[in-house]
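One structure below.
The values are calculated or read from the model by the stated rules, or taken from the named source; none is laboratory data. Given the structure is predicted, the values throughout are model-derived calculations rather than measurements. We place every Cβ from the backbone using ideal geometry, glycine too, and count neighbours over all the protein chains shown. Areas reflect the complete protein model, heavy atoms only, side chains present, ligands, DNA and RNA absent. Shrake-Rupley method; radii C 1.70, N 1.55, O 1.52, S 1.80 Å.
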Amino acid sequence: MMRDLPQAASAALLLEWYDRHHRDLPWRVPPAAARKGAVADPYRVWLSEVMLQQTTVQAVKAYFEKFLALWPTVGDLAAADTEDVMKAWAGLGYYARARNLKKCAEAVARDHGGRFPDSEEGLKALPGIGDYTAAAIAAIAFNRASAVLDGNVERVISRLHAVETPLPAAKPEMRALVQALTPADRPGDFAQAMMDLGATICTPKRPACSLCPIPTDCRALKTADPETFPRKAAKKEKPLRLGAAFVAVDGLEAVYLRKRPETGLLGGMTEVPGTDWTSRRDGDTSIDAHPFPAEWEPCGTVNHVFTHFELHLSVFRARVGRADVGEARTGTSGWWEPLASLRAQALPTVMKKAIAKAIPHAFEAG
DNA sequence: AAGTCGTGGTT
DNA sequence: TAACCAAGACT
């Protein structure tokens, strides 16, 4: 029988561990509640999974609650103003996720009668839903035995089987191994159990193997140093880019802001005027690149690390009369935003840093 | 298919 | 502290 295979035994042991040690998270239906008939809401599962892409649980919690309060259903989100969605997402990073989130909600409302597709294939056809997220929603919200493979599961499965192939080439191999391990019963809890195991026991560094519920079949534990899995290619070092940002304040304590292009880095988000960010060390970062004439004074430098480069941003500040601001040099139209409402804008973290450097009290309560 | 795309916490 | 990397998707 299936249950006598080592794989089935591991899945069962893992589910038993999950019943006792699962993390309580706002978007989850705990095992005990599920046993009483509680069912996961696909909207909540989808929203949490998109937010959790490359993002820590801790960072997601507050955003998840905020989005749910603002838009309780996928229909509400579909009907929302995109700019409001970008404002609510500001600070969470990877802003293409927010744009795709909105597009996905619209597609679900328009093409699927307000209900998420219940198959992996149907889900993956939606914006912002890739291999992982489609499998996760299918398993957690629709009880499908799909192979859920994220960074946690890659670590767990690569250690269980001592996979020598480096990532990302090893993904198909790992997905097949996960598929073979996934039980027909409780596939959603199994997926979440694998991720909890990876997050709390089978950690990247110093894994707590003595607390692992499935140590018996772990090849990495027997034959090698578990910490060396998964194998990965060495990373490239991040180049340094330089730039300048200009914080203009008018007599009414308002800051001049503008909107970035819809695509690319920080696409569709709000910024203060500035130079391009380049590797050059000459005039491009100088005060001479200001957006309009004023007595610009240097406020210091903001350092910020993006995914593929590091930025040293020179910040300048000036008192500027609104009449002195011409559109000719800015290239795009902007607006004056009062300090009191600055926090509610779609400002990415790097821009909040720059503004705070020029106006230390800019984001204080009030 | 390798590069692009944020941010913050941990070690 | 500098490196690592977190429930990846898209081009």
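Mind checking which residues of the stretch A:20-70 are part of a loop (DSSP other than H, G, I, E, B), under 17 Å from the mean Cα position of the chain (by Cα) and exposed (fewer than 14 other Cβ atoms within 10 Å of the Cβ)?
A:26, A:54, A:56
Here is a check on your reading of the model: is residue A:125 within 12 Å of DNA strand C (Cβ to nearest atom), open to solvent by less than 40 Å² (accessible area, probe 1.4 Å) and in contact with a Pro (Cβ under 8 Å, 6 or more places away or on another chain)?
No; evaluated as a whole, the condition is false for this residue.
Filter the stretch A:1-19 for residues that are at pLDDT 95 or above and open to solvent by 40 Å² or more (accessible area, probe 1.4 Å); which is farthest from residue A:199 (Cα to Cα)?
The selected residue is A:12.
Residue A:201 versus (1) surrounded by 15 or more Cβ atoms within 10 Å (Cβ to Cβ); (2) aliphatic (A, V, I, L, M); (3) more than 14 Å from DNA strand C (Cβ to nearest atom): which is the lone unmet condition?
With respect to (1) surrounded by 15 or more Cβ atoms within 10 Å (Cβ to Cβ); (2) aliphatic (A, V, I, L, M); (3) more than 14 Å from DNA strand C (Cβ to nearest atom), residue A:201 is out only on (3).
I need the full set of residues from the stretch A:92-129 which are within 16 Å of DNA strand B (Cβ to nearest atom) and either in contact with a strand residue (DSSP E or B) (Cβ under 9 Å, 6 or more places away or on another chain) or not in a helix (DSSP H, G or I) (or both), in order please.
The answer is A:92, A:93, A:94, A:95, A:127, A:128, A:129.
For the condition within 12 Å of DNA strand C (Cβ to nearest atom), of a type in the set (A, V, I, L, M, F, W, C) and not assigned by TED's automatic domain parsing to the domain that holds residue A:309, what is the one hit in A:233, A:224?
Among A:233, A:224, only A:233 is within 12 Å of DNA strand C (Cβ to nearest atom), of a type in the set (A, V, I, L, M, F, W, C) and not assigned by TED's automatic domain parsing to the domain that holds residue A:309.
Pairs needed: first member in the stretch A:211-222, among the β-branched types (Val, Ile, Thr); second member anywhere, at pLDDT below 95; C-beta distance under 6 Å; at least 6 residues apart or different chains.
Listed pairs, sorted by first residue: A:214/A:10.
I'm checking my understanding of the structure. Among residues of the stretch A:319-340 that are open to solvent by less than 40 Å² (accessible area, probe 1.4 Å) and under 16 Å from residue A:258 (Cβ atoms), which one is modelled with the lowest pLDDT?
A:330
List pairs: first residue in the stretch A:195-209 and touching a residue at least 24 places away in the same chain (Cβ under 8 Å), second residue within 8 Å of DNA strand C (Cβ to nearest atom) anywhere in the structure, Cβ distance under 6 angstrom, at least six positions apart or on different chains.
That search, which allows pairs on different chains as well, returns A:195/A:152; A:196/A:23; A:198/A:152; A:198/A:155; A:199/A:152; A:202/A:155.
Name the residue that is nearest to residue A:143 (Cα to Cα), counting only residues in the stretch A:211-231 that are loosely packed, with under 13 Cβ neighbours inside 10 Å and within 16 Å of DNA strand B (Cβ to nearest atom).
A:228
Please specify each residue of the stretch A:140-182 satisfying the condition of being more than 16 Å from DNA strand B (Cβ to nearest atom), of a type in the set (Gly, Ala, Ser) and either in contact (Cβ under 8 Å) with a residue 40 or more places away in the chain or open to solvent by less than 20 Å² (accessible area, probe 1.4 Å) (or both).
Answer for the stretch A:140-182, where residues must be more than 16 Å from DNA strand B (Cβ to nearest atom), of a type in the set (Gly, Ala, Ser) and either in contact (Cβ under 8 Å) with a residue 40 or more places away in the chain or open to solvent by less than 20 Å² (accessible area, probe 1.4 Å) (or both): A:141, A:145, A:146, A:147, A:158, A:162, A:180.
Mind checking whether some residue in the stretch A:160-183 is within 26 Å of residue A:58 (Cα to Cα), more than 10 Å from DNA strand C (Cβ to nearest atom) and in a loop (DSSP other than H, G, I, E, B)?
There is no residue in the stretch A:160-183 that is within 26 Å of residue A:58 (Cα to Cα), more than 10 Å from DNA strand C (Cβ to nearest atom) and in a loop (DSSP other than H, G, I, E, B).
Of all residues in the stretch A:77-89, which are open to solvent by less than 60 Å² (accessible area, probe 1.4 Å) and either within 15 Å of the chain's Cα centre (by Cα) or of a type in the set (D, E, K, R) (or both)?
Across the stretch A:77-89, the qualifying residues are A:83, A:85, A:86, A:88, A:89.
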